[in-house]
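Engineer: Questions regarding the structure given below will be posed in turn.
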């Protein structure tokens, strides 16, 4: 059963001007600096429920480090993963659509930290920043695409392909070569029994794709893992890359607009 602990109090935030979260990093510096006083550093303890199903969403968490599994219940005692969140996204994105509660739980798969903000403060900030609003709405769309593709993958593809896709997706989001993931949690995430994971691990280790250490999966041949993964991984990665490039272009357009305004003022003064 998934651990269901109550989250701890947030740690008072210091001066965090250069966040690692991709959404926050996409904001113009002046908008980020206005947002910083509303953010608080929050520790992500492994195997803790960060956001409970059926509980009002009071805060949104911009993931800085770590990996979050978004879980949908299949019965009273179990749940399966429907998508992953790393430093590319946020927990509590349903609140951005005006939804007060969710049927999904958010489980800390790999520990780390997040920047937490009250929903009311975020809504206020979004009303004043079209860049923040566009970034968050773009992420909601990207998460929907990931969830849909993950569901299709679970129905159609062999477990070996699905496992490769999961490992690649997780590595993309935490940017680590060694993933602190156990076979037990992997089995629960992918909706299979642990012996299925163990048998597949032995095959892939034999091919030299990764090395399993105590509590760690160290990927040593990512190219081979990409060849093994189903088409779903490439589809999801392409969608994510297109979204991130659009964020980069949006930031560049803002910067060029500011530069143009400055040059126009200087020419007018002359």
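Engineer: May I have the extent of the alpha carbons of the range 73-198 along their three principal axes, as whole Å values ordered from largest to smallest?
Structural biologist: Computed over the Cα atoms, the extents are 51, 34, 24 Å.
Engineer: By count of other Cβ within 10 Å, fewest leading, how are 59, 193 ordered?
Structural biologist: Fewest-to-most ranking of 59, 193: 193, 59.
Engineer: How do 105-111, 232-238 rank on mean C-beta neighbours within 10 Å, highest first?
Structural biologist: Ranking the peptides 105-111, 232-238 by packing returns 105-111, 232-238.
Engineer: How do 194-200, 173-179 rank on mean C-beta neighbours within 10 Å, highest first?
Structural biologist: Per-residue Cβ counts within 10 Å, averaged per peptide and sorted highest first, yield 173-179, 194-200.
Engineer: Using 10 Å bins from zero, what percent of all Cα-Cα pairs in the range 9-156 falls into each bin?
Structural biologist: Bin by bin from 0 Å, the calculated values are 11, 43, 35, 9, 1.
FYI, it's all coordinate maths here, none of it is from the lab. Bear in mind the structure is a predicted one, so any value in this text is a computation, not a measurement. Neighbour counts run over all protein chains shown; Cβ positions are idealised from the backbone, glycine included.
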